[in-house]
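Heads up: the structure comes next, in structure tokens.
What follows draws every value from the coordinates through simple rules; no lab data is involved. Quick caveat: nothing in here was measured; it's all calculated off a predicted structure. Quick reminder, even Gly has a Cβ in these numbers, built from the backbone with ideal geometry, and neighbours come from all protein chains shown.
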Amino acid sequence: MLRLDDHPSGRHFLQIPGPTNVPDRILRAIDQPTIDHRGPEFARLTLEILEGLKQVFQTRGPIVIYPASGTGAWEAALVNTLSPGDRVLMFETGHFATLWRKMADKLGLVVDFVPGDWRTGVDPVAVESRLAEDKTHAIKAVMAVHNET
């Protein structure tokens, strides 16, 4: 007779999308006390991680982590690299792309906003085409949201 509720004791590994089994070594690691984010250990760890990220992103250039929300990073990107009246190219990829456009408008940027489908990303051919049309190089920046919730 087949019994569906018979399970051997011990740890089981499901082969389904969820819930996710977390390896014991990870559970032990996350059970450690939190390090002081203003202390020397955190500073050393951060530098080590930033160096490792260079390999991940295949660059020798600096890796920058911006300690703010996505909205804070958008604003910093706009106000620190552009001036009122600058023309920018933006693509509608979802809710956040639309919010970024509103921020750009409020900061006095001239926005070329390419309508799009919220279910797909930016088409690289569309970017190339729009930039090729800009014979006077009036477009100062191309902006796209790569991750929508």
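Per-residue 3J(HN,Hα) values for segment 89-99, derived from phi via the Karplus relation 6.51 cos²θ - 1.76 cosθ + 1.60 with θ = phi - 60°, read 10, 10, 10, 7, 10, x, 4, 5, 4, 5, 5 Hz in sequence order (x marks Gly and Pro). Averaging over every viewing direction, what projected area does the convex hull of the Cα atoms of segment 70-143 cover, in nm²? Convex hull of Cα atoms, orientation-averaged projection: 4.7 nm².
With each run of n ≥ 4 DSSP H residues scored as -39500 (n - 2.57), what mean residue ellipticity at 222 nm is computed for the chain after dividing by its residue count and rounding to the nearest 500 deg cm²/dmol? Kindly include the intermediate steps, with their values, before the conclusion.
Details: 5 runs with 58 residues, N = 149.
Computed ellipticity for the chain at 222 nm equals -12000 deg cm²/dmol.
The distance from the alpha carbon centre of segment 82-149 to that of segment 25-55 is 36 Å, rounded to a whole number. Across the options VAL56, VAL127, ALA43, the greatest Cα extent toward the positive end of the charge dipole of the chain (unit charges at beta carbon of Lys, Arg, Asp, Glu) belongs to ALA43. A simple count of charges around PHE42, restricted to other residues whose Cβ falls under 11 Å of its Cβ and scoring Lys, Arg +1 and Asp, Glu -1, yields -1. Compute the helix-to-body angle for 70-81: its Cα long axis versus the longest principal axis of the chain, expressed 0 to 90° and rounded to tens. Value to nearest ten degrees: 30. As a length-normalised measure over Cα pairs under 8 Å and 6 or more apart, the relative contact order of the chain settles at 19 percent.
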